[in-house]
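Read through the structure below, which is laid out as structure tokens, and then see the notes.
The values are calculated or read from the model by the stated rules, or taken from the named source; none is laboratory data. As the structure is a prediction and not an experimental result, all values here were calculated from the model. In this analysis, Cβ positions are derived from the backbone assuming ideal geometry, glycine residues included, and neighbour counts consider all displayed protein chains.
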Amino acid sequence: MSSQPPVFELPRRHSLSAQAATAIRKAIAEGTWRESLPSERRLCELFQVSRPTIRTALRLLADESLIEIRHGRRNRLLSRPTAAAAPRSRLVLLVSHQPIAHTSLTAYQGLAEMRAHLAEHGFSTEVLICPARSACAQQRRLATFVRQNRVFCCVLISVSQGLQRWCVDHAIPALVLGSCHATVRLPSLDVDYRAVCRHAAGLLRSQGHRRLALLVPDSGMAGDLASEEGFREGSRGPASTSEADARIVRHNGTKPGIHSRLDALFAAPRPPTALLIAKPVHTLAVLTYLLRRGLRVPDDVALIVRDSDHLYEDALSHYRIEGETFAHRLTRLMLQLVNQGYLNPEPNLIFPRYVSCGTVQRILGESDRGPG
């Protein structure tokens, strides 16, 4: 059960700056913030006063040695709540753009184990779905929940750059389950998709394939962007070898959208002899397309899937993380976060094991039997 939201004492018009200072002082004593205060703009929103009023209030608190004013950075707390202060929040918020049940089996099992361990340590968890609409709508939904509930920290599950940035801007401790965007500094746990796709492209090249394609959602997600980068790197290969014809095929995730992009790809004079599929959920759409065109795997087209899925784990070559490995790493990071209140903002990457299921076949040089 989630903790009650913090109740801020709103300043009165009389001695507004002093009242604002009192309200902020009370919030500090209750442990609402840990290392630093929110931005001035955020404090204005919370206490419904102007920025000059907040700045005067902050100077009063600085004179009392409660805070250190740092220009260009968040103002640091110098006073820590005492043991008699109100207990800190025990709510961990899981933020996703889709229901947790729709995540991969590995992620789902890892989250289940993490939530069980957090419960043993006295922390409750809730799930907030922020559908993949506009960035502003997602941020408003998250901001409303955080404002109405005392959230200790967040787990961001493959969310947009905007939601990652929002947590940084509002000093909300967070762990990204997925990859961080280049402009965001948060701790993260993810598959090393750049290395995976570099390995997959190199493996295909070693089997004689020189016309490769990566099918990836046009999502803008950091993990998909890293996949594209790794795929390009692996396609180039050593300087002593010729560069492969590597194509990035972005699609909208629907079956008609995928088939339309594949139509254009295989209508080219020199269509690919090997496909790397980023998302397991799109594998069926690719297989039905190849069947419709009479293309055989692996005789006509080699096939590798970037992630694993129990539906085809013995049928299609893929990359697999053992569920226990991922779950243990996730749980360990989250226990560090809730115990320390922070994690170093760095990526924690796992390289999965390549599982060959016979869907990659060696071809002979440029005179291969590419589909036409």
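Just for region 25-66: of the residues that are in a loop (DSSP other than H, G, I, E, B) and among the β-branched types (Val, Ile, Thr), which one is modelled with the highest pLDDT? Checking each candidate, the answer is Val49.
Across region 44-73, which residue is farthest from Ile172 (Cα to Cα) among those that are in contact with a Leu (Cβ under 7 Å, 6 or more places away or on another chain) and crowded, with 18+ Cβ neighbours inside 10 Å? Give the steps one after another, and end with the answer.
Quick first cut of region 44-73, residues in contact with a Leu (Cβ under 7 Å, 6 or more places away or on another chain) only: 47-49, 53-54, 65-69.
When the remaining residues are screened for being crowded, with 18+ Cβ neighbours inside 10 Å, the result is 47, 49, 53-54, 66-67.
Working: Phe47: 18, Val49: 22, Thr53: 24, Ile54: 21, Leu66: 21, Ile67: 18 Å.
Per the criteria, the residue is Thr53.
Please work out which residue is nearest to Ala213 (Cα to Cα), limiting yourself to region 255-292 and to residues that are basic (Lys, Arg) and surrounded by 14 or more Cβ atoms within 10 Å (Cβ to Cβ).
Here is the first cut: in region 255-292, the residues basic (Lys, Arg) are 255, 261, 270, 279, 292.
With the extra rule that they be surrounded by 14 or more Cβ atoms within 10 Å (Cβ to Cβ), the set shrinks to 255, 261, 279.
On the way: Lys255: 18, Arg261: 11, Lys279: 14 Å.
The residue in question is Arg261.
Within region 303-349, how many residues turn out to be among the basic types (Lys, Arg) and crowded, with 21+ Cβ neighbours inside 10 Å?
Pass one, region 303-349, residues among the basic types (Lys, Arg): 306, 320, 329, 332.
Still in the running and crowded, with 21+ Cβ neighbours inside 10 Å: 306.
Total satisfying the criteria: 1.
What residue, among those in region 161-174 that are surrounded by fewer than 21 Cβ atoms within 10 Å (Cβ to Cβ) and touching a residue at least 60 places away in the same chain (Cβ under 8 Å), is nearest to the chain's Cα centre (by Cα)? Full working, then the answer.
Filtering region 161-174 for residues surrounded by fewer than 21 Cβ atoms within 10 Å (Cβ to Cβ) gives 161-162, 165, 168-173.
Add one more test, that the residue is touching a residue at least 60 places away in the same chain (Cβ under 8 Å), and what stays is 161, 169-171, 173.
On the way: Gln161: 8, Asp169: 17, His170: 18, Ala171: 17, Pro173: 14 Å.
Filtering first and then ranking leaves Gln161.
Leu177 falls short on exactly one of the conditions (1) farther than 25 Å from Thr125 by Cα; (2) crowded, with 23+ Cβ neighbours inside 10 Å, and that condition is (1).
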